[in-house]
Structures are given as C-alpha cells and as structure tokens.
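What follows is a short report on a single structure.
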Amino acid sequence: MRQKRSGSGVSSGGSRQSDQAYDQVKADIIQCRLRPGEEFTEIELSERYQAGRAAMRAALTRLAEIGLVEPVPRRGFIVTPITIGSVKDLFQVRLIVEPKVAALATGKVDPAYLRQINLAPQAARGGKAVLDFLDSNRAFHLAIAEATGNARLIFLMESLADEMARLVALGLFGSGRTETDMAADQVAQDQQHEALIAAFEANDRDAAEDAARTHIEHSRHLAMSQIFDGNFDLKM
C-alpha cells in the first residue's frame, strides 16, 4: 500500500498537517467538491483548509504525483479534468491489466480476507460513508494485486486505484442518480466482488479473469453515463 511521506527535514507536526491537508483535499477532489477543471492557488487552499503553506505545498505535490491535480505555471493548480478520452484510456488499461492480475492472484489471495474487506458500507449515500465505501473498494483491489507478489503490478494498481476513486464515486453517486439507482449499483458492485471471491475460492483462474472483466466493464458503463450526462456533482 502507498505509504504517506514524512519528508526529510520536516517536523512531525508539519508532516501531520501535510497529511491532513492531503487527506482533506483528496477527499474533496474524489467527491467532486473540488470540481474537475477547477483552478486554485496554494494560498487559496491553505486558507480554505486552514493549513500552513508548506504543508499545503507538500500535499499538492503528492496529489500531482497520483494524477489528481496538475500544476499550472504562474497560476497555481488545476483539478485534473475528467474527459471522455482520459476515461477511455484508463479503463482500457484496467481491462488489460486487472483480469491478468486476478489470474495471477488465484491460489495466492486469501478469500476470507477479501470477504472481510467487502463488508464495507453497501448503502453509502454521502459524506464519510462514501469515503468508507471507496476506501474499501480500493483496499479490495489492492489486496488482490499484493497477492501476486509482483512489485511492479502492485505499483501500477496503486496508481490506477488512486485515479479510479473519483470515477467510482462519480459513477455511483453522481448528481443525476436516484436513491434507487445508487442502491442497485452498490449491490451490483458487491455481487461482482463476491463473484471474484468465489472464483478465488474455486481456484479458477479463468473465472477470476472473467469476473474482473465484468466488474470493470460495469464501472466503465456507470462512469461514462455520468460523464455524458455532465453529472460531476455527487449526492451529499
């Protein structure tokens, strides 16, 4: 799993403030409170989140590394836009990588541990519940990657998970979605995770690949539907 950095020469208090700023800004980007394409300066965010400039600078550097913000010369930063092209590219990579990761993890991953992770709130509607749901989803997929023992695949999956969190949130909780829609699709996500777990329990590599592919295609459909509808605000 990705480790938070303390940074050389930075006091523990400064590091904690940077970690807090990172977590707050990341959560607001994922939940589209900071909207795709929104511009801001380091000073503006420092004031908004009541963080020191050095701490915010460190947080923004980390967020740029995982692709959630982009520096804009002489202007500040921009929340990385969500475009049809970028989403297609991301899901194309997932469809190439993740089914093979599932196949490689077969016989190595602990199904009981995955089922424990999958008990995260399946009726998330807003605020912390959404973040808990997304954290659980991230942990589920990274646990599968980590079971492969392949450091490069784990690193790649961490990067994909960080970028995917916002799209999963958008697909499941975007402003155009009804309570019925959200409940049904969260159940579907849970069932797709269960199908993966069942494949692992059966030690069936082909079934694991198929389950992973089905899960990704469902997520892609949800995200693309929201993007085409322009629903970048999450139900909170």
| Among the residues of the stretch 210-236, how many are over 20 Å from L131 (Cα atoms), modelled with pLDDT under 90 and open to solvent by less than 70 Å² (accessible area, probe 1.4 Å)? | 4
| Among the residues of the stretch 178-203, which ones are in contact with a Leu (Cβ under 6 Å, 6 or more places away or on another chain) and modelled with pLDDT of 85 or more? | I197
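The values are calculated or read from the model by the stated rules, or taken from the named source; none is laboratory data. These figures come from a predicted structure and were not determined experimentally. Every residue, glycine as well, gets a Cβ built from its backbone with ideal geometry; the counts of neighbours run over all protein chains shown. For the accessible areas, the whole protein counts, side chains as well, though only heavy atoms, and no ligand, DNA or RNA atoms are used. Shrake-Rupley method; radii C 1.70, N 1.55, O 1.52, S 1.80 Å.
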